[in-house]
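Right, one structure below, let's go through it.
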């Protein structure tokens, strides 16, 4: 093992994924501020919304791997596969779970009027629309390119 765990923090791939995630989450927070006129730091750790931070992160990672290892390398194929599965899951399985949570919350609201049931709500903003996934991937590709090219210029 060359430098151990600390090498992670000098990896363009790590910073591409992390920076892409941060840009997406901060974008959600700024959009929330523009809508409500108050900062809600919950956006930094929330799921769902525009753009998809999951898609941004895996898009940034795959872009960085492709630039560093080559877009025909087996490692890029693995990163791309990981990215596509993550994005597909965000726009299908997690989105469906969020829509079901919305419906269940409506059913519970109706039943609560007549019976005493738990007032706890299910999380509804779980998945993403295809547009949110696409925009997240776009953020990831651009941030991944910027971080990786900068790292290559610095000799990292």
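The values are calculated or read from the model by the stated rules, or taken from the named source; none is laboratory data. Given the structure is predicted, the values throughout are model-derived calculations rather than measurements. Counting neighbours? That spans all protein chains shown, and the Cβs are built from the backbone with ideal geometry, glycine included.
Filtering the stretch 80-95 to residues that are surrounded by 14 or more Cβ atoms within 10 Å (Cβ to Cβ) and either in contact (Cβ under 8 Å) with a residue 24 or more places away in the chain or over 13 Å from residue 56 (Cα atoms) (or both) leaves 82, 83, 86, 87, 89, 90, 91, 92, 94, 95. Among the residues of the stretch 75-93, how many are more than 19 Å from residue 139 (Cα to Cα) and part of a helix (DSSP H, G or I)? Residues in the stretch 75-93 being more than 19 Å from residue 139 (Cα to Cα) and part of a helix (DSSP H, G or I): 4 in total.
Within the stretch 26-59, the residues that satisfy the criterion of being closer than 13 Å to residue 133 by Cα and in contact with a helix residue (DSSP H, G or I) (Cβ under 7 Å, 6 or more places away or on another chain) are 48, 49, 50, 51, 52, 53, 54, 55, 56, 57, 58, 59. Comparison of 123, 137 shows that the only residue that is modelled with pLDDT under 90, within 16 Å of residue 48 (Cα to Cα) and in contact with a helix residue (DSSP H, G or I) (Cβ under 9 Å, 6 or more places away or on another chain) is 123. Restricting to the stretch 30-74, give me the number of residues that are assigned to a helix (DSSP H, G or I) and under 17 Å from the mean Cα position of the chain (by Cα). Number satisfying all stated conditions: 19. Set side by side, the residues 32, 4, 72 differ, and just one is more than 18 Å from residue 138 (Cα to Cα) and modelled with pLDDT of 95 or more, which is 72.
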